[in-house]
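The values are calculated or read from the model by the stated rules, or taken from the named source; none is laboratory data. Keep in mind that what you see is a predicted model, and the values were worked out from it rather than measured. Methodologically, a virtual Cβ is constructed for each residue, glycine included, from the backbone with ideal geometry; neighbour enumeration extends over all protein chains shown.
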Amino acid sequence: MNRRRFAVVLAALALATASCSSPTPAPVAETGASAYPMKLASPFGESILDAAPVRVAVITSVDLDIALALGIKPVISATPAADLTEYEKAAIGKNGFGDIPSYASTDGTDFEAIAAADPDVILATSGWSLDTDYAKLAKIAPVVSYTGQDGLTKLTWKERLTIAGKALNKPAEAEKIVTDAKEALVDARTANPAFQGKTLSFIVVHPGQITYFNDPQSGSNLLFAELGFAGTKVASEFNADNSQVSLENLQKIDADVLLMAYPFGANGILSRTDLEANPLFGSLGAVKRGDYVVLDDAVPASIAYATPLSEPWVLSKILPELQRVTAG
């Protein structure tokens, strides 16, 4: 799924540009250990990748980040330049890729645009609509999918990267990125013993609801647990199908550390000003102690759809704040 569509989808749940030209991409290096022909399995069928691909299409922002992390310039992306994140722009600049041709994905997958890009392979390890799109995509080029019936929601970015690295003849590069990321989390945890055992709530204000964002099964909970934080006693009451916190139950979001995000601004069910003026919110222990942190608007989506590019960026945003509120 794309982060742009992520905002639209969550808003909908709560309430109930043009392509550009680009030079031919650099070939995918053929120095990895992958063997071809390669069978690409998915919950929706199989395709065969005959040789190491040169032209790679990506259909989600997660897959764009995976390609960029592996040093691959896609021939087409579902993320228009205007929607690129800070870390995607940095990766594109670091690799010297220039503009990446794209299509707007708000209305779904643009099969014609993908076909016109003439890809050797389509990277779709996070394809939200792959259940309906797979057959059409497979007619264009072999598809690198998530694996397992629950792979869309259960696979971590590290697992998606490993799948992609093998298919794109970059297994060693993928393995190094995963190893470095794991080491970065261990280093952060070791360097911050004050995090250990502290309870943490991460709450996001959407247009139709206040959302408990780090329920025990969520990706954000996994990140915070790896840093040493614990869930609260009521965290298990929430899940992907039951994430709403009502105003009368605001006490349920209290924790040793309270992280909040207001990515919709005035379009949220409550603005930051209105919520902070709420007496029940003001009575929360974390708020009274000053252990309440407002995060960058881009953090929720970057955690929910974590990637090899977003995780280091997220850590750079949250670690200083977490260190501040756990210092004393």
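Some notes on this structure:
- Of the residues making up segment 127-140, not a single one is buried (at least 18 other Cβ atoms within 10 Å of the Cβ), modelled with pLDDT of 95 or more and under 20 Å from I303 (Cβ atoms).
- Residues of segment 163-172 that are crowded, with 19+ Cβ neighbours inside 10 Å and not basic (K, R): I163, A164, G165, A167, L168, N169.
- Selection within segment 255-301 - of a type in the set (V, I, T) and either outside the structural domain of L319 (by TED's automatic domain parsing) or part of a helix (DSSP H, G or I) (or both): T273, V287, V299
- Residue within segment 313-322 that is more than 25 Å from L64 (Cα to Cα), of a type outside the set (G, A, S) and crowded, with 20+ Cβ neighbours inside 10 Å present: yes
- Residues of segment 108-126 that are modelled with pLDDT of 95 or more and surrounded by fewer than 20 Cβ atoms within 10 Å (Cβ to Cβ): D110, F111, E112, A113, A115, A116, D118, D120.
- Any hit, segment 140-151, residues being part of a helix (DSSP H, G or I), under 20 Å from the mean Cα position of the chain (by Cα) and either assigned by TED's automatic domain parsing to the domain that holds S243 or not hydroxyl-bearing (S, T, Y) (or both): yes
- Restricting attention to segment 187-246 and to residues that are part of a helix (DSSP H, G or I) and among the aliphatic types (A, V, I, L, M), the residue that is modelled with the lowest pLDDT turns out to be L222.
- The lone exception for E88 - which of (1) in a loop (DSSP other than H, G, I, E, B); (2) more than 20 Å from K136 (Cα to Cα) it fails: (1)
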